[in-house]
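Report on one structure; see the data block that follows.
The values are calculated or read from the model by the stated rules, or taken from the named source; none is laboratory data. The structure presented is a predicted model; accordingly, all values stated were derived computationally and were not measured. Cβ placement follows ideal geometry from the backbone for every residue including glycine, while neighbour counts extend to all protein chains displayed.
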Amino acid sequence: MSEPNYAGNIIIILANLPDFLRTPILKKRMLEFFTMSELDRHEIINNALEAGPTIPFPNFSKLFKTWLEVLTTITEEQRSLMFSKYIDEVSRNPQKLINFYLDGILEIFLSLDNSQKKIIANSIHRIISNLDESSKKKLFLIIPENAKKSLGF
């Protein structure tokens, strides 16, 4: 029997909150991520990847945009750690992205202001560039062409 998806439940609740509540709560939860054990981080990432596609896209888009905006306000080291954990999990299990609306996610990214887009794109580009060739190939098979171009690939 699997354990309850507490992180997934929190993600769903956050997605339904108004902006003025969602942003500070999400930032606090994200900062907690960096104090967790590797095992807990892995569980959080898996739960988020599991919960994301179950959230109606209008709510998911608000949550995802807030998440990206918050990521631009933390240190490069923290941002790289967060993205690395997601990218590692997706490169090991590319099927986890299949249920996501990737074109919609790209549109959310493109809706950020230019400085935020640059911060995010630089972090992701650096992480993917440092992956082994096998992991890169797996990622590039599922990442839409327009997303690769937006990230500088």
Inset, instruction - Take segment 107-123 and flag every residue that is crowded, with 17+ Cβ neighbours inside 10 Å and either at pLDDT below 95 or among the hydroxyl-bearing types (Ser, Thr, Tyr) (or both). - result: Ser123
Inset, instruction - Examine segment 46-55 for a residue that is more than 23 Å from Pro18 (Cβ to Cβ), in a helix (DSSP H, G or I) and either of a type in the set (A, V, I, L, M, F, W, C) or in contact with a strand residue (DSSP E or B) (Cβ under 9 Å, 6 or more places away or on another chain) (or both), and state whether such a residue exists. - result: yes
Inset, instruction - Mind telling me which of the residues Leu39, Leu31 ends up being without any contact (Cβ under 8 Å) to a residue 40 or more places away in the chain, farther than 19 Å from Gly104 by Cβ and either in a helix (DSSP H, G or I) or in contact with a Cys (Cβ under 8 Å, 6 or more places away or on another chain) (or both)? - result: Leu39
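Can Gln116 be described as closer than 24 Å to Asn59 by Cβ and either free of Cβ contacts under 8 Å to residues at least 12 places away in the same chain or part of a loop (DSSP other than H, G, I, E, B) (or both)?
No.
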Legend entry - Those residues of segment 135-149 which are more than 17 Å from Lys96 (Cα to Cα) and among the hydroxyl-bearing types (Ser, Thr, Tyr), in sequence order: none
